[in-house]
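The structure appears below as structure tokens.
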Amino acid sequence: MTSLVRHLTIDCSDAYRLASFWAEVLDGTLAEDDLPGDPEATVTAASGALLFVTVPDAKAGKNRVHLDLQPQDLDRDDEVERLLALGATLVADHRRADGTGWVTLADIEGNEFCVERSAAERAG
């Protein structure tokens, strides 16, 4: 018997606020019973589910796990601009002159994630 990953859980200071950000990023939805101030909030998207849990501790140091996003409807650079407009911040730009590479961003609570090239960009 094997196990399945039901969702990826992310500790945060405001579960509803951070889940709302990620719902926009992933074109996902919050659970119907998630409300501001709730200690947990779940985002369901085509790529899977993320569970956000409010904890008293602040983020301390680099993430041990992070998400790598692959844009579906935009190219990498346009997706980076969209995410910056949603409130993400630029952490590091690893794009290369030949078009390869990725961009590391942070969400509204400082959790790092990467934006890779779209499938169309990879296909060339």
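The values are calculated or read from the model by the stated rules, or taken from the named source; none is laboratory data. Worth saying up front: this structure is predicted, and the values here are computed from it rather than measured. FYI the Cβ positions are ideal-geometry reconstructions off the backbone, even for glycines, and counts take in every protein chain you see. Calculation scope for accessible area: heavy atoms of the full protein, side chains included, ligands and nucleic acids excluded. Shrake-Rupley method; radii C 1.70, N 1.55, O 1.52, S 1.80 Å.
In deg cm²/dmol and to the nearest 500, what is the mean residue ellipticity at 222 nm of the chain if only DSSP H runs of at least 4 residues count, each as -39500 (n - 2.57), divided by the residue total? Walk me through the intermediate numbers first.
Values: 3 runs with 28 residues, N = 124.
The per-residue figure over the chain is -6500 deg cm²/dmol.
With label points built 7 Å along Cα→Cβ from the Cα atoms of Val5 and Ala49, find their separation and express it in nm.
1.5 nm
Of all the accessible heavy-atom surface of the chain, with the other protein chains kept in place and a 1.4 Å probe, what percent is carbon and sulfur?
Within the chain, the accessible surface is 51 percent carbon and sulfur.
Pull out the extension gain between Val91 and Gln72, defined as 0.36 nm times the separation in residues minus the alpha carbon to alpha carbon distance; nm, one decimal.
Working: separation 19, 0.36 × 19 = 6.84 nm, distance 2.21 nm.
Between Val91 and Gln72, full extension yields 4.6 nm more.
Roughly speaking, what is the centre-to-centre gap between segment 1-62 and segment 72-105 when only Cα atoms are used, to the nearest Å?
Their Cα centres are 22 Å away from one another.
Helix 15-26 sits at what angle to the longest principal axis of the chain, using alpha carbons and giving 0 to 90 degrees rounded to 10?
The two axes meet at around 30 degrees.
Note the angle between two axes, namely the Cα long axis of helix 76-86 and the longest principal axis of the Cα atoms of the chain, as a number of degrees from 0 to 90, rounded to the nearest 10.
40 degrees
Net charge near Thr54, counting Lys/Arg +1 and Asp/Glu -1 over other residues with Cβ under 9 Å of its Cβ? List each step's numbers first, then the result.
Working: positive: none; negative: Asp11, Asp14, Asp38, Glu40.
Net charge around Thr54: -4.
Can you check what the Kirkwood hydrodynamic radius comes to for segment 2-124, Cα pairs only, in Å to one decimal?
About 15.2 Å, per the Kirkwood formula over Cα pairs.
Quick one: ranking Leu69, Leu83, Leu90 by accessible area, 1.4 Å probe, largest first, what do you get?
Reading off the accessible areas and sorting them downward yields Leu90, Leu69, Leu83.
Given a 1.4 angstrom probe, what's the average accessible area per residue across segment 12-83, in square angstrom?
62 Å²
Show me, for segment 33-41, the HN-Hα J-couplings you get by feeding each phi into the Karplus relation (A = 6.51, B = -1.76, C = 1.60, θ = phi - 60°), rounded to Hz, glycine and proline as x.
8, 7, 9, x, x, 5, x, 9, 8
Report the per residue volume, in Å³, of the convex hull enclosing the C-alpha atoms of segment 53-122.
Values: hull volume 7.2 nm³, N = 70.
Taking only Cα atoms, segment 53-122 has a hull volume of 103 Å³ per residue.
Of the DSSP beta bridges with both residues in the chain, give the percent that are antiparallel, rounding to the nearest 5. Show your work: numbers first, answer last.
Working: 16 of 24 bridges.
Beta bridges within the chain, antiparallel portion: roughly 65 percent.
Near the amide H of Ser118, under 5 Å away, which other amide H atoms are found, from residues 5 or more places off or on another chain, if H is placed in the peptide plane?
Arg76
Calculate the translational D of segment 8-55 in whole µm² s⁻¹ from Stokes-Einstein, where the hydrodynamic radius comes from the Kirkwood formula applied to all Cα pairs, the temperature is 25 °C and the viscosity 0.890 mPa s.
Answer from the Stokes-Einstein relation: 244 µm²/s.
If packing is taken as the average count of other Cβ atoms within 10 Å, what order do 15-25, 30-40 fall into, highest mean first?
Ranking, from highest mean packing down: 15-25, 30-40.
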